[in-house]
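Laboratory data are not the source of any read-out in this text; all were calculated from the coordinates shown. No experiment lies behind these values; they were computed from the predicted model shown. Backbone-built Cβ (ideal geometry, glycine too); neighbour counts: all protein chains shown.
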Amino acid sequence: MATSPCSSSGVSSSSSSGLGADAGLEIRTRSVEQTLVPLVSQITTLINHKDKPKRSDKTLQAIQRVGQAVNLAVGRFVTVGEAIANENRELKEEMSVACIEARRAGETIAQLTDVASLDHPESDSHITIFTDKTGVVKAARLLLSSVTKVLVLADRIVIKQIITSRNKVLATMDQLEKVSSFQEFVQIFSQFGNEMVEFAHLTGDRQNDLKDEKKKARMAASRAVLEKCTMMLLTASKTCLRHPDCESARVNKDGVFHRMRLALEQVIEIVTDSRPNGENEMAPISIYSGIREFKNKVEGLRENLYFLSKENLSTMLEVILEHTEDFTDSAYTSHEHREHILELSKQAKMELEQLVSVWMQAQNQKTKDLMEDLEVAILKTCQCMNDLKREVHSAATSLAADLLKYHTDHMVLKALKITGVEGNLEAVAEYTCKLSEQKEQLVEMCRLLRHVSGTEPLEITCIHAEDTFQVTGPQIISAAETLALHPSSKIAKENLEVFCEAWESQLSDMSLLLREINDVFEGRRGEKRVYLSLPRPGKHNANLKALKPVKLDTEEQAKIAKLGLELHLLTSDVDSETEKWEDQDNEIVQHGQGMSSMAYSMYLFTRGEGLLKTTQDLFHQAEIFATEGTKLASALHALSDQVHDDTPLLLLEAEKLISVCKQLQITAKASAQGKSATFTKV
C-alpha cells in the first residue's frame, strides 16, 4: 500500500507465531493497538494450540468459541470500516477492498474452527484447523493485513481532519490579522473561536491516543500554547485596533500571531510524524540521560569486555562533563555546588582512567584477581557518576525552589500595572529591566532543570517552560509600554493583565514540575507520566466555561483523603510486585505499571496535588484507567491459554477485572449534577 505523510501513523503488529501485519508500519496510537492486540492474541491462541492425539470436548468447544469470536469481532469491525468508506469518497475503494478481505478471512477462520460438532475433527473428509493448519495461518495473515489496512486508512482520515481543521484556523487567523474595524473583528473572532474549539477537541483526542510519551508531551505543550494564546490574540488585536498607530501594540500583536502559527505547525509535525524539509529532530542531550547511557555501557563490561572501545567511553564522559559546564558557568549556581561539581568531574576522569587500565588488562588475561579489580573499578565509576547526578540535581532544584519562592509575590508585575496606568514611562522602563532580569533567571532555571528532569516528557515540559518565559517576558514589556502611552485605555490595561496572568500561570506550573522532578529522582514515580497538560478552565479562557470550585466540608475531605491513601498503598503493592518480574518489557508488567502510574495521579488529586486539576480530569483519567485494565485482562487471558491453566484462577481474576473495569467506565461516564452527586461520583 502506498504511504503518505498522513499514513505514517499507521501500525505494525507481530506475534511470536510469526504472524505479522504490514512490515515497516508501527503501532503509534492506543486505539489501533486496542483493536489489533486482542485479535493477534486470539489468533495466536488458535495457531499455537497443542496437537494432542486425544482432544476433549472442552478443547474442541474452546477452539470453536475463539474462531467464532474472531469472526464476530471482524464482522463488527468491518461494518464500522464500511461506514467510514461511505463517508470518505477518496478512500472508499481502498477501504472497501480491505473490508472485503477482512470479512472473507474471518469467515474462513470460523469455518476451519467449526469442530465442536464433528465426531472426527481430524478426518480428511472435513477440512479443519487440525487437517489444514497452513490454511489457518494464511487466513490469519490475510486477516491481520486487511484489518491493518483498514486501521491505517481510518487513521489517515483522522489526520486529514486535523490538518483540515488547522487550515481553517490559519485562514481565519490571516483574516483577523488584516481587519481594520471592530465590528468585522468581532464577527471573524466568533468564527475563529468555534474553529479553535473544534481543533482543540480533535488534537486532544489525538494526544490521549498517542502511545509515545515524548510525542504526547510535545502535543500537550503545543496545545497549551494555543489555549493560552487565544485570549492573548483577542486582547492584543483589540488593543491594536484601538491604537492603530502604536508601535508597541503592533509588536505585541505580531508576537501572539507568530507564536500561534509555530504551535499549529508543531501539532501537524507530531500528527503526521514529519519535519519540515525532512530534518531530523535533534533533542539536546541532558546530563541525566548521558549518565544513564554511560553507566549502562560501563556495567555492560561485566558481560562482554569487547563490545565497545575505550575511546567510545571517554567520549561519552567528555560530553557529560561538557554539559556540567552549564552549571559551573552559571551565575546562579552557588559557590559550594560549583566546587563539588568540579571535584566530582575531576574524580570521574580518574575513575574512568583506572577502569580502562584494568579493562585493557582483563582483555589480555582474564584472571580471577583482574576480574575482581574490574568489578571494583566498575562500582567506583558508577558511584562517582551517581554522586555527580545527585550534585547537579541538588544545584538545579535548590536554585528553582529559591527563585520560585522569591518571585511568588509578583512584585514586578504589580509595579508594571500601577506605573502603566499612571502613564509613568520612566518607571515602566525601570521595571521592564527588572522583568528582563527575572526572565533570564527563570530561563536559566528551566535549562538546568531540563538536565535533571529524569524523563523525556519532563525534559520537554522544561523546554516548553523555557520558551514560555522567553516569549512572554517581551510581550509583557510591549503590553506595559502600550498602557504607559495610553494610560486611560481600558483595553490596553486588560491586555497587560492577560499577559501577566500567563506569566503567573507558568510560575505556578513550575512548582508542580519541580515536585514531579523530585518525585522521579527519589524513585516515587517511574518513567511513565500519564498526562502532561490538561485544559485548565480559567478567568480568561475563550473556549471553555469556567468551572465553579466545590468546597468540601471536613468530613468529606477526610473521606476522600482516606480513599486516596488506600489507593496509594495499593499502587505501592503493585509496584513491588511488578519489580519482581525479570522481564520488565512483559505486556502484563507494562499494563500493571501503567495502571499504577494512573492510580498514583488519582491519589495526588485527593491531596490537591499533581496534574489532575478538576473532577472532570479525574473522571477522564478513570476512563483511561479502565481501558488499561481491560487490556491487562486480555493479556491475562492470553497467558492462561499459553500455560494451559488447569485451575482457571487466572481466567477468573481476568473476568473479575473486566467486570470492575466496565463498572468504572459506566461510573466515570455517568452524569453528576450538584455538589452531593459529584462528591459521590468522585
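A few points about this structure:
- Gained length - residue 354 relative to residue 508, 0.36 nm times residue gap less alpha-carbon distance: 50.8 nm
- R0 of 30 Å, Cβ-Cβ distance residue 387-residue 588: FRET efficiency to nearest 0.05: 0.25
- Note, ³J(HN,Hα) from phi for region 459-475, Karplus 6.51, -1.76, 1.60, rounded to Hz, x at Gly and Pro: 4, 5, 5, 5, 5, 4, 5, 4, 4, 4, 5, 4, 8, 5, x, x, 5
- Residue 437/residue 190 FRET efficiency (R0 35 Å; Cβ-Cβ; nearest 0.05): 0.30
- Modelled FRET efficiency - R0 30 Å, residue 93 with residue 197, Cβ distances, 0.05 increments: 0.35
- Out-of-range pairs (alpha-carbon distance over 28 Å; input 215/389; 160/439; 631/681): 160/439
- Protection-proxy order for peptides 358-366, 670-678, each taking the mean of Cβ atoms within 10 Å per residue, highest first: 358-366, 670-678
- Cubic angstrom per residue, convex hull over Cα atoms of region 378-451: 67
- Listed residue (388, 304, 361) projecting farthest to the positive dipole end of region 287-399, Cβ model: 304
- In whole angstrom, region 176-272 maps to an equivalent ellipsoid with semi-axes of 29, 14, 9, each derived as √(5λ) from the alpha carbon gyration tensor and ordered largest first.
- Stokes-Einstein diffusion coefficient of region 158-218, Kirkwood radius over Cα pairs, 25 °C, 0.890 mPa s, in µm²/s: 191
- Once both labels are positioned 7 Å from their Cα atoms along Cα-to-Cβ, the gap between residue 79 and residue 325 label points is 6.6 nm.
- Cα-based convex hull, region 631-682, per residue volume (Å³, whole number): 59
- The modelled label-to-label distance for the pair residue 336/residue 138, using points 7 Å beyond Cα in the direction of Cβ, is 7.6 nm.
- Distance cut-off 19 Å, percentage of C-alpha pairs in region 287-399 lying past it: 44
- Subtracting the Cα-Cα distance of residue 164 and residue 675 from their residue separation scaled by 0.36 nm leaves 180.0 nm.
- A straight chain from residue 107 to residue 292 at 0.36 nm per residue would run longer than the Cα-Cα distance by 61.5 nm.
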